[in-house]
Amino acid sequence: GVGYNMFMEDHSLTAHNSYVLAAAELGFIGLFMWVGLIYISYKGLSVIYQKSDPLKTLALGIQSSLVGFCVSAFFLSRTYVILPYLLFALSGAVMNVAQRTTPDLNLKFYRKDYIKIFWSCVGILVLIYVFYKSGLA
């Protein structure tokens, strides 16, 4: 990557895609970390939704907001605004409460999760590349 907030040094407009902006400025490792935050939040909320009745609606609401952000991130440069980080923080807080109220909840992170994040990043980059090359974007 070219470094934080350096995309505009080479281009007159911003990327208008948070994933492209993260990859261009932070490199693949930065994109991996950014997508990893989204993945961890989504996975944790999914586990809570399936196994914790008291927090089920809260987890679904935050998860829906996270999905909405991920869709809008394809059309807006929102990599560094506070909204996704508030969603990550809310997800972490709900996971913490769920872990305390439901001790048998499995919120662990495994090697397969790293592999899923890696392939998600590759898939995002390939998808964006295909869109740009085909003239759809």
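For segment 20-67, give me each residue that is outside any helix (DSSP H, G or I) and open to solvent by less than 40 Å² (accessible area, probe 1.4 Å). Once the filter is applied, which keeps residues that are outside any helix (DSSP H, G or I) and open to solvent by less than 40 Å² (accessible area, probe 1.4 Å), segment 20-67 yields Ser52, Leu55.
In segment 93-104, the qualifying residues are those that are surrounded by fewer than 14 Cβ atoms within 10 Å (Cβ to Cβ) and in a helix (DSSP H, G or I), and the one that is modelled with the highest pLDDT is Ala93. Among the candidates Ser52, Ser64, the residue that is of a type in the set (Gly, Ala, Ser), more than 18 Å from Val35 (Cβ to Cβ) and within 14 Å of the chain's Cα centre (by Cα) is uniquely Ser64.
Residue count for segment 68-92, restricted to those that are part of a helix (DSSP H, G or I) and open to solvent by 50 Å² or more (accessible area, probe 1.4 Å): 7. Looking at Leu107, is it in contact (Cβ under 8 Å) with a residue 12 or more places away in the chain, more than 15 Å from Ala22 (Cα to Cα) and assigned to a loop (DSSP other than H, G, I, E, B)? Answer is yes for this residue. Among residues of segment 16-30 that are β-branched (Val, Ile, Thr), those with a Cβ under 7 angstrom from a residue that is in a helix (DSSP H, G or I) and open to solvent by 10 Å² or more (accessible area, probe 1.4 Å), sequence gap 6+ or separate chain, pair up as Val20/Ile128.
The values are calculated or read from the model by the stated rules, or taken from the named source; none is laboratory data. The structure presented is a predicted model; accordingly, all values stated were derived computationally and were not measured. We place every Cβ from the backbone using ideal geometry, glycine too, and count neighbours over all the protein chains shown. Surface accessibility is based on the protein's heavy atoms, side chains included, excluding ligands, DNA and RNA. Shrake-Rupley method; radii C 1.70, N 1.55, O 1.52, S 1.80 Å.
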